[in-house]
Amino acid sequence: MGFSKAISTSAIRCFISFKHSSRQFHTARPFFLSSTMTSNFTPFTPLGPDQSASLIDGKGIASEIRKELNARVVEFKKTNPHFHPSLAVIQVGGKKDSTLYVKQKQLACEEVGVQFTKYPLPEETTGDELAALIEKLNEDEKVNGILLQLPLPKHIKEDAMINAISPEKDVDGFHEENLGSLFKKNGKPKFVSCTPKGVMKLLTKIGVDLNGKRAVVIGRSDIVGTPVSALLTKANATVTVCHSRTSNIEQLARDADVLVVAIGLPEFVKGSWIKPGAVVIDVGINAVEDSTKKSGHRWVGDVDFSTAKMVSSFITPVPGGVGPMTVAMLLENLIDGATRQFERANKVIINPIAIHPLTPIPSDAEIAALSKPKKIKDVGSELQINTNELELYGNYKAKLSLSIVDRLKNSCNGRYVVVAGITPTPLGEGKSTTSIGLAQALGAHLRKPTIACVRQPSQGPTFGIKGGAAGGGYAQVMPMEEFNLHLTGDIHAVSAANNLLAAAIDARIFHESTQSDAALFRRICPNIKGVRKFSDSMLSRLERLGIKKSSPEELSPEEISKFVRLDINPASVTWNRVIDVNDRFLRKITIGQSSTERGMSRETQFDISVASEIMAVLALATDLQDMKSRLGKMVFANSNSGAPLCADDLGITGALTVLMKDAIRPTLMQTLEGTPVLVHAGPFANIAHGNSSIIADKIALKLVGAKSEQLNTSENAGYVITEAGFGADIGFEKFMNIKCRYSGLRPNCVVIVATIRALKMHGGGPPVVPGVNLPSDYTTEDTELVRRGLPNLVRHIENSRSFGIPVVVALNTFGTDTDAEVNLVIEAATNAGAFAAAKSDCFAKGGEGAIDLANAVVKACEANFNDSKTNPVKLTYEDDGTSVINATVKPENAIKSKIEAIAKSLYRANSVKYSDVAEEKLAKYTEMGYGNLPICMSKTQYSFSADPQLKNAPVDFDLPIRDVRLSAGAGFIYPLCGDIQTMPGLPTRPCFYDIDIDPETGKAVGLF
């Protein structure tokens, strides 16, 4: 701990002196003392009848405080056994007096029950090195307080180092933020400097009432004089600060009821300066020569004790006055801070942003433009995310570190809610809006720690038909513009990695066709300075080939040929290039037409980026190593002999992982009401598995879950809202059978979003066409049309309940819906077995419009949580293909059995019909050892069947499988049902007609 340079450099302590006239002490309390003491302990001792002052026992008071602090620690640990207050002390250099003071603090810490860690650094330590240690301790959640022993060597800037300490851990109270808060009328510093705090504590202990009294402080250092003057002012004293330039210092001192002296000059204040009966606090300690002492000197304060004690009412000794209090206040600061940090760390508190919905409802862009989101670092702070776990991308988005999961590994998971929907119209039914609105209702209105996990929008729909995916109305992700456009570049990273692999495949075909084995070997394993060696990326191929040699020089000619020749069959290449826009003319292309490619052209195609297997890998990976492993397993073709070839064979896995190293980290954003959102991955649901990432969900569940020392009850648990794409027959089925199979997570509730509009369409209403006004059937009451469409909702409820998960139906309402229609749907949903059904109006009202839905979700989650041990989650099929449809399955039929389990159990198909191509590939994938993989059905989102025109709840139809593809890295097989395009096209009137930029503000307009 350091103090002002105005104080003697012989010692770094603080001492206080009080005075009390003999007559006043023995006959009546001084007029400015309160009538009660704060403790049974007697904090002062009369000096005798011939001396007016009583001696304040700073040492005794400090001892009592340490005992009280120890009792606090012991009591708090009874209910919080993981509470371990910890102090880190940094000492630069080996000055003996500093070493002595550090040792005294260590002993005091041990007495109280504080873990003490000393960080001794050599005298030549640089400022950068010291700052790096401070930053490390700032980020260490096990360290509650950091103390920098002063003075520092002259080559290090003390102020910079002091202010490098986090204000939350600045137990000395020297940080400019803590000092500055002292001088604000309503300022609340995290910590008050120990010496000034000790001064105030002594005044309190002896019962001094400062209200309206005159206090004089001699000395204006930042460490003692200035902050103690602020504390005296806050106690309603009238304060005068004197210093070396004050001309009438004696007279000012003589007017003081309380005199605090911290000027660093031995015996500077004389008894004649002191008002009879005043309280004197002597903060100085100075060494003066004294030949009678063995040491040759004695310690005195800044007050002439021999004359002052004859006038004052109370006085502190030097030593033994303020010094012990300084250490005691340090420990009190530490315990207060450790308790605050512990309680704060165990409770996520989201500070919502108030919104004021307007009528009529403005456009999404107008609502977004009026919003005032929080700085994303503040959102992270509310979630207890450490600053080193948060990489800012501007003010309103940030990448999260995967280390959060490991840091919180002992915490429970929060409650897990997945939002799905009924079979939608082409306009969508507001599933994203409901997800965000539900998160706002839980977080901003029910005040439950809540995180929404959503996919990153593709630019295909953003500029195509549907527009953005930020939600809508007063339930949006903010900032909407950044969310819908490039965000943090994850989709671009997926595109780059995908296309690098595509380029590598064609380049390898080209080079193998034009070079001998020896030439290929020389180039793949070049001789550099006489040494030829394998790259690390080559080792996995050697292992698969069964070549157990570590040096290229050891390979035989036959092994060289096996190693360098992938012998790719161009006709078998399944890896396509990707781009993140809708472009129908890239569905079939010819590459290699330049003369430089020597006639090696072939037909291929582009997919949209979010259909890339790399996107699916990103969404299903559980950590960085798992992502790398999955990337390496991606099969892109077969050799001419029929052997599967994967990314590892090209030696490209490491490079792909490097391109994806930032994309694997979820992006933190927020809703319109300031509740947190994690955005990660963006696979489509009809051509991929359609869910946000496992990593995002795992991080979110740990951030809002009950901490290790808490009971996993509804009061302590938070909520994670994740969304599954399209209808529950697609997104939710894949969420359960693929995502949960790999993550090991199990949801506590599924929300099925329905609309009157979609139910009317399923009931036989006219077609819903984007860009065309809705027919009047959808905007006027027609309960019979709604009733005829209810089987679609009932089917989704039944399917969702088959997984053992309670269902809550969210009826996303529009202004044209009538009470009769709404009540009909609510009743039908509960009759069909839904745990609850609730109207949702979050588009118009934000979270307030989804409060009933949020309450229903909370009840459903708790019912499931309490029931989960006796009623575990059920998947549609097992890895070996067995299911309720087929109790026993031969290994060669496992893939087909899984497809049939989905088709018959969930779609209600009568049979599955396979094309010859599909049959051939199924046999090949089984032979290759992929029969145990889950199934990712690729089909239309507009029907339970493969026919988008077959609405409502069809039964006994045939499900056609025209092709089957393998995503070995992602870890699933995906059958293509009917005509499914992996590259969407633009409509006649795309959304881009309405998108523009305001040149004056630089803001995009027309996004929705």
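Just the residues that are buried (at least 16 other Cβ atoms within 10 Å of the Cβ) and charged (D, E, K, R), please, taken from segment 99-117.
Hit for segment 99-117 is LYS105, nothing else.
Taking ILE756 as meeting all but one of (1) under 22 Å from ILE902 (Cα atoms); (2) of a type outside the set (Phe, Trp, Tyr); (3) modelled with pLDDT of 95 or more, write down the number of the exception.
Failed condition: (1).
Quick one: which residue in THR657, THR622 is assigned to a loop (DSSP other than H, G, I, E, B) and either under 14 Å from the mean Cα position of the chain (by Cα) or not hydrophobic (A, V, I, L, M, F, W, C) (or both)? Step through it out loud before you land on a result.
Values: THR657 fails: assigned to a loop (DSSP other than H, G, I, E, B).
Testing whether each residue is assigned to a loop (DSSP other than H, G, I, E, B) and either under 14 Å from the mean Cα position of the chain (by Cα) or not hydrophobic (A, V, I, L, M, F, W, C) (or both) leaves just THR622.
Do you know which residues across segment 876-923 are surrounded by fewer than 21 Cβ atoms within 10 Å (Cβ to Cβ), free of Cβ contacts under 8 Å to residues at least 12 places away in the same chain and in contact with a Gly (Cβ under 9 Å, 6 or more places away or on another chain)?
LYS890
Is there a residue in segment 255-269 that is without any contact (Cβ under 8 Å) to a residue 60 or more places away in the chain and touching a His at 6+ places or on another chain (Cβ under 9 Å)?
Checked segment 255-269: no residue is without any contact (Cβ under 8 Å) to a residue 60 or more places away in the chain and touching a His at 6+ places or on another chain (Cβ under 9 Å).
At least 1 residues that are of a type in the set (S, T, N, Q) and crowded, with 22+ Cβ neighbours inside 10 Å in each: list the strands (runs of 3 or more DSSP E) lying fully within segment 745-861 that qualify. I'd like the intermediate steps shown before the answer.
On the way: elements: 749-754, 807-812, 836-840.
The qualifying strands (runs of 3 or more DSSP E) are 807-812, 836-840.
Answer yes or no: is there a residue in segment 252-259 that is touching a strand residue (DSSP E or B) at 6+ places or on another chain (Cβ under 8 Å), under 14 Å from PRO317 (Cα atoms) and surrounded by 16 or more Cβ atoms within 10 Å (Cβ to Cβ). Explain how you work it out, then say what you get.
Within segment 252-259, the first condition is being touching a strand residue (DSSP E or B) at 6+ places or on another chain (Cβ under 8 Å), and the residues that meet it are 252-253, 255-259.
Imposing the further condition that a residue be under 14 Å from PRO317 (Cα atoms) reduces the set to none.
Checked segment 252-259: no residue is touching a strand residue (DSSP E or B) at 6+ places or on another chain (Cβ under 8 Å), under 14 Å from PRO317 (Cα atoms) and surrounded by 16 or more Cβ atoms within 10 Å (Cβ to Cβ).
What number of residues within segment 572-619 are out of contact with any strand residue (DSSP E or B) (no Cβ under 8 Å at 6 or more places or on another chain), more than 30 Å from ARG665 (Cβ to Cβ) and not charged (D, E, K, R)?
Count: 7.
Return a yes/no flag: does segment 223-234 have any residue that is in the same structural domain as VAL303 (by TED's automatic domain parsing), at pLDDT below 95 and closer than 22 Å to ASP304 by Cβ.
There is at least one residue in segment 223-234 that is in the same structural domain as VAL303 (by TED's automatic domain parsing), at pLDDT below 95 and closer than 22 Å to ASP304 by Cβ.
Within segment 700-718, is there a residue that is touching a Leu at 6+ places or on another chain (Cβ under 6 Å), buried (at least 24 other Cβ atoms within 10 Å of the Cβ) and either at pLDDT below 95 or assigned to a helix (DSSP H, G or I) (or both)? Don't jump to the end; show me each part of the working.
Within segment 700-718, the subset touching a Leu at 6+ places or on another chain (Cβ under 6 Å) is 700, 702-703.
Then drop every residue that is not buried (at least 24 other Cβ atoms within 10 Å of the Cβ), which leaves 700, 703.
If we keep only those that are either at pLDDT below 95 or assigned to a helix (DSSP H, G or I) (or both) too, we end up with 700, 703.
Within segment 700-718, one or more residues are touching a Leu at 6+ places or on another chain (Cβ under 6 Å), buried (at least 24 other Cβ atoms within 10 Å of the Cβ) and either at pLDDT below 95 or assigned to a helix (DSSP H, G or I) (or both).
Could you count how many residues in segment 945-960 are out of contact with any Phe, Trp or Tyr (no Cβ under 7 Å at 6 or more places or on another chain), more than 19 Å from ALA685 (Cβ to Cβ) and not polar (S, T, N, Q)?
5
Please specify each residue of segment 502-523 satisfying the condition of being hydrophobic (A, V, I, L, M, F, W, C), without any contact (Cβ under 8 Å) to a residue 60 or more places away in the chain and surrounded by 14 or more Cβ atoms within 10 Å (Cβ to Cβ). Full working, then the answer.
Quick first cut of segment 502-523, residues hydrophobic (A, V, I, L, M, F, W, C) only: 502-505, 507, 509-510, 518-521.
Filter again for without any contact (Cβ under 8 Å) to a residue 60 or more places away in the chain, leaving 503, 507, 518-521.
LEU520, PHE521 - these are the residues of segment 502-523 that are hydrophobic (A, V, I, L, M, F, W, C), without any contact (Cβ under 8 Å) to a residue 60 or more places away in the chain and surrounded by 14 or more Cβ atoms within 10 Å (Cβ to Cβ).
Can you spot a residue in segment 85-94 that is of a type in the set (Ser, Thr, Tyr) and either under 17 Å from LYS169 (Cβ atoms) or without any contact (Cβ under 8 Å) to a residue 60 or more places away in the chain (or both)?
Filtering segment 85-94 for residues of a type in the set (Ser, Thr, Tyr) gives 86.
Then drop every residue that is not either under 17 Å from LYS169 (Cβ atoms) or without any contact (Cβ under 8 Å) to a residue 60 or more places away in the chain (or both), which leaves 86.
Scanning segment 85-94 turns up at least one residue that is of a type in the set (Ser, Thr, Tyr) and either under 17 Å from LYS169 (Cβ atoms) or without any contact (Cβ under 8 Å) to a residue 60 or more places away in the chain (or both).
Using the structure shown, decide if ALA829 is modelled with pLDDT of 95 or more, closer than 30 Å to ALA365 by Cα, in the same structural domain as ALA860 (by TED's automatic domain parsing) and not polar (S, T, N, Q). So that I can check it myself, show each step before the final result.
Working: modelled with pLDDT of 95 or more: yes; closer than 30 Å to ALA365 by Cα: no; in the same structural domain as ALA860 (by TED's automatic domain parsing): yes; not polar (S, T, N, Q): yes.
Here the answer is no, as ALA829 does not meet what is asked.
Considering segment 450-492 alone, what residues qualify as being surrounded by fewer than 20 Cβ atoms within 10 Å (Cβ to Cβ) and among the aliphatic types (A, V, I, L, M)?
Those that are surrounded by fewer than 20 Cβ atoms within 10 Å (Cβ to Cβ) and among the aliphatic types (A, V, I, L, M): LEU485, LEU487.
Name the residues in segment 216-255 that are among the basic types (Lys, Arg) and more than 47 Å from the chain's Cα centre (by Cα), would you? Break it down stepwise before answering.
If we filter segment 216-255 for residues that are among the basic types (Lys, Arg), which is where we start, we get 220, 234, 245, 254.
Listed by number, the residues that qualify are ARG245, ARG254.
In segment 539-586, what residues are over 26 Å from ILE687 (Cα atoms) and of a type in the set (S, T, N, Q)?
Within segment 539-586, SER540, SER550, SER551, SER556, SER561 qualify.
Can you work out which of the residues in segment 966-1006 that are part of a strand (DSSP E or B) and among the hydroxyl-bearing types (Ser, Thr, Tyr) is modelled with the highest pLDDT?
Start the filter on segment 966-1006 by keeping residues that are part of a strand (DSSP E or B), which leaves 966-967, 972-977, 996-997, 1004-1005.
Add one more test, that the residue is among the hydroxyl-bearing types (Ser, Thr, Tyr), and what stays is 967, 974.
Numbers: SER967: 95, TYR974: 92.
Only one residue fits best here, namely SER967.
Inside segment 961-1003, can you point out the residues that are over 22 Å from SER458 (Cα atoms) and touching a Phe, Trp or Tyr at 6+ places or on another chain (Cβ under 8 Å)?
Of everything in segment 961-1003, those that are over 22 Å from SER458 (Cα atoms) and touching a Phe, Trp or Tyr at 6+ places or on another chain (Cβ under 8 Å) turn out to be ILE961, VAL964, ARG965, LEU966, ALA968, GLY971, ILE973.
Does segment 497-550 hold any residues that are assigned to a helix (DSSP H, G or I) and hydroxyl-bearing (Ser, Thr, Tyr), and which are they?
Of all residues in segment 497-550, those assigned to a helix (DSSP H, G or I) come to 497-514, 517-524, 536-544.
Residues satisfying the conditions are SER513, THR514, SER537, SER540.
Residue-by-condition table, conditions (1) in a helix (DSSP H, G or I); (2) in contact with an Asp or Glu (Cβ under 6 Å, 6 or more places away or on another chain):
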{"position": "PHE116", "(1), (2)": "no, no"}
{"position": "THR125", "(1), (2)": "no, no"}
{"position": "ASN138", "(1), (2)": "yes, no"}
{"position": "PRO153", "(1), (2)": "no, yes"}
{"position": "ILE162", "(1), (2)": "yes, no"}
{"position": "SER166", "(1), (2)": "no, no"}
{"position": "LYS169", "(1), (2)": "no, no"}
{"position": "GLY173", "(1), (2)": "no, no"}
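From the list ALA345, ALA338, ALA354, exactly one residue is among the small types (Gly, Ala, Ser), at pLDDT below 90 and outside the structural domain of GLY113 (by TED's automatic domain parsing). Which is it?
Of the residues listed, the single one that is among the small types (Gly, Ala, Ser), at pLDDT below 90 and outside the structural domain of GLY113 (by TED's automatic domain parsing) is ALA345.
Restricting segment 942-965 to residues that are closer than 30 Å to ARG788 by Cβ and either touching a helix residue (DSSP H, G or I) at 6+ places or on another chain (Cβ under 6 Å) or aliphatic (A, V, I, L, M) (or both), which is surrounded by the most Cβ atoms within 10 Å (Cβ to Cβ)? Break it down stepwise before answering.
First, the residues of segment 942-965 that are closer than 30 Å to ARG788 by Cβ: 942-960.
Subsequent filtering for residues that are either touching a helix residue (DSSP H, G or I) at 6+ places or on another chain (Cβ under 6 Å) or aliphatic (A, V, I, L, M) (or both) retains 944, 946, 950-953, 955, 959.
Numbers: PHE944: 28, ALA946: 25, LEU950: 14, LYS951: 22, ASN952: 19, ALA953: 20, VAL955: 12, LEU959: 26.
Of everything passing the filter in segment 942-965, PHE944 is surrounded by the most Cβ atoms within 10 Å (Cβ to Cβ).
For segment 311-388, which helices (runs of 4 or more DSSP H) that fit wholly inside it have 1 or more residues that are of a type in the set (S, T, N, Q) and out of contact with any Lys or Arg (no Cβ under 7 Å at 6 or more places or on another chain)? Reasoning before the result, please.
On the way: elements: 322-345, 364-370, 376-382.
Qualifying helices (runs of 4 or more DSSP H): 322-345, 376-382.
Scan segment 395-412 residue by residue and report those that are closer than 30 Å to GLY804 by Cα, in a loop (DSSP other than H, G, I, E, B) and in contact with a Lys or Arg (Cβ under 7 Å, 6 or more places away or on another chain).
Correct list: LEU408, SER411.
Is it the case that segment 604-627 has a residue that's among the β-branched types (Val, Ile, Thr) and either surrounded by fewer than 19 Cβ atoms within 10 Å (Cβ to Cβ) or touching a Lys or Arg at 6+ places or on another chain (Cβ under 6 Å) (or both)? Before the answer, list the steps.
Looking only at segment 604-627, we keep the residues that are among the β-branched types (Val, Ile, Thr), and these are 604, 608, 610, 614, 617, 622.
Then drop every residue that is not either surrounded by fewer than 19 Cβ atoms within 10 Å (Cβ to Cβ) or touching a Lys or Arg at 6+ places or on another chain (Cβ under 6 Å) (or both), which leaves 617, 622.
Checked against the condition, which is being among the β-branched types (Val, Ile, Thr) and either surrounded by fewer than 19 Cβ atoms within 10 Å (Cβ to Cβ) or touching a Lys or Arg at 6+ places or on another chain (Cβ under 6 Å) (or both), segment 604-627 yields at least one hit.
Looking only at segment 641-694, which residues are touching a helix residue (DSSP H, G or I) at 6+ places or on another chain (Cβ under 6 Å), more than 25 Å from ILE436 (Cα to Cα) and not small (Gly, Ala, Ser)?
Correct list: CYS646, ASP648, ASP649, LEU650, ILE652, THR653, LEU656, THR657, LEU659, MET660.
The values are calculated or read from the model by the stated rules, or taken from the named source; none is laboratory data. Just so it is clear, the structure is predicted and the values come from calculations on it, not from any experiment. Virtual Cβ from ideal backbone geometry, glycine too; neighbours counted across all protein chains shown.
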